[in-house]
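S.K.: To start, I am sharing the structure in question, which I have written as structure tokens.
The values are calculated or read from the model by the stated rules, or taken from the named source; none is laboratory data. From a predicted model like this one, the values you see are computed outputs, not experimental measurements. No Cβ is skipped: glycine too gets one built from the backbone with ideal geometry, and neighbour counts run over all protein chains shown. Heavy atoms of the whole protein, side chains included, go into the accessibility calculation; ligands, DNA and RNA do not. Shrake-Rupley method; radii C 1.70, N 1.55, O 1.52, S 1.80 Å.
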Amino acid sequence: MSQQMQDIVQNLTGRFNLRSTQFRDQISLTVGPEQIVVVCRALREEFGFERLAGETAVDYWPQQAPRFHVVYQLYSLRANLRLELRVPLAGQTPQIPTIESVYPNANWYEREVWDMFGIRFEGHSDLRRILMPADWAGHPLRKDYPLGYEEVRFSFNPEVDERKPHPKD
């Protein structure tokens, strides 16, 4: 980890009481949902993380507390630094404030997370489905979402059957 990144992490963990972890030179800060907007604003305005490179979620079902993590990938073009923010959320109807006011491109990312995981972004300007049809029921990337598929049936192939080893009787 570079000295610049160490200073940023030390500043943020001290000021906002965050937890930091490191895995393979990737720094991750765990942020409470009530702090996400101010932490993102500080990262953009004070530390030069001017780009929201990605935003997604993870479902840890059947674990309920926290069941979800909203994951933000931030990037500083000037310093060539990457930082991950993770916001743990519990329950069946998780909510988190939107960061549209800090990173306008969060609009589409948050719509996708809402559509796929059902995580509601409070204050979002246009929270509606973006990938699934408007009348779709449920959120397909939740691990408890019913699959509803038919088992694939394979046709008989004599060439494969001839080469396939069989157990001895």
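S.K.: Can you tell me the relative contact order of the range 66-142? Whole percent, Cα pairs under 8 Å, sequence separation 6 or more.
M.R.: About 23 percent, as a whole number.
S.K.: Can you compute 3J(HN,Hα) from phi for each residue in the range 34-44, using the Karplus curve 6.51 cos²θ - 1.76 cosθ + 1.60 with θ = phi - 60°, rounded to whole Hz and x for Gly and Pro?
M.R.: 6, 9, 4, 5, 5, 5, 5, 5, 5, 5, 6
S.K.: If each residue of separation counts as 0.36 nm, what is the full-extension length gain between Lys143 and Ala90 once their alpha-carbon separation is subtracted?
M.R.: 17.6 nm
S.K.: Among Ser76, Leu147, Met116, whose Cα sits farthest toward the positive end of the charge dipole of the chain (+1 at Cβ of Lys/Arg, -1 at Cβ of Asp/Glu, about the Cα centre)?
M.R.: In the chain, that residue is Ser76.
S.K.: Sticking with this one: Taking the chain as a Gaussian network, Cα atoms linked when under 10 Å apart, which of Asn17, Asn107, Asn80 shows the biggest mean-square fluctuation?
M.R.: Looking only at Asn17, Asn107, Asn80, the biggest GNM fluctuation is shown by Asn80.
S.K.: Report the dimensions of the chain along its three principal axes from the alpha-carbon atoms, largest first, rounded to Å.
M.R.: Here the spans come out as 71, 41, 30 Å, largest first.
S.K.: Let me ask another. Taking the Cα atoms only, what angle lies between the long axis of helix 3-16 and the longest principal axis of the chain, rounded to 10 degrees?
M.R.: 80 degrees
S.K.: Oh, and also: List the GluC sites (Glu not before Pro) within the range 1-104 that DSSP assigns to loop and that have no more than 15 neighbouring Cβ atoms inside 10 Å.
M.R.: Taking the range 1-104 and a limit of 15 other Cβ atoms within 10 Å, the loop GluC sites (Glu not before Pro) found are Glu46, Glu50.
S.K.: Could I ask something else about it? For the range 16-95, max minus min Cα coordinate along each principal axis, in Å, sorted largest first?
M.R.: That gives 41, 27, 22 Å along the principal axes, largest extent first.
S.K.: So, one more: Apply the Karplus parameterisation 6.51 cos²θ - 1.76 cosθ + 1.60, with θ equal to phi minus 60°, to every residue of the range 93-105 and state each ³J(HN,Hα) to the nearest whole Hz, in sequence, with x for glycine and proline.
M.R.: 10, x, 9, 8, x, 6, 10, 4, 5, 9, 10, x, 6
S.K.: List the residues whose amide H sits under 5 Å from the amide H of Tyr60, counting only those 5 or more places along or on another chain, with H placed 1.01 Å from N in the peptide plane.
M.R.: For Tyr60, the qualifying residues are Phe68, His69.
S.K.: Be a star and scan the range 11-25 for residues whose amide nitrogen sits under 19 Å from the point 7 Å along the Cα-to-Cβ vector of Val71.
M.R.: Label zone hits: 19-25.
S.K.: How large is the accessible surface per residue of the chain, computed with a 1.4 Å probe and reported in Å² as a whole number?
M.R.: Accessible area per residue, the chain: 63 Å².
S.K.: For the range 11-57, what is the convex hull volume of the alpha-carbon atoms per residue, in Å³?
M.R.: Spread over its residues, the Cα hull of the range 11-57 gives 100 Å³ apiece.
S.K.: From the backbone phi of the range 123-130, what are the Karplus-calculated ³J(HN,Hα) couplings (6.51 cos²θ - 1.76 cosθ + 1.60, θ = phi - 60°) in whole Hz, Gly and Pro given as x?
M.R.: Once rounded to whole Hz, the list reads x, 5, 6, 7, 7, 8, 4, 10.
S.K.: Could you work out the relative contact order of the range 8-47, using alpha carbon pairs under 8 angstrom and six or more residues apart, expressed as a whole percent?
M.R.: Rounded, it is 30 percent for the range 8-47.
S.K.: When only Cα pairs under 8 Å and 6 or more residues apart are kept, what is the percent relative contact order across the chain?
M.R.: 17 percent
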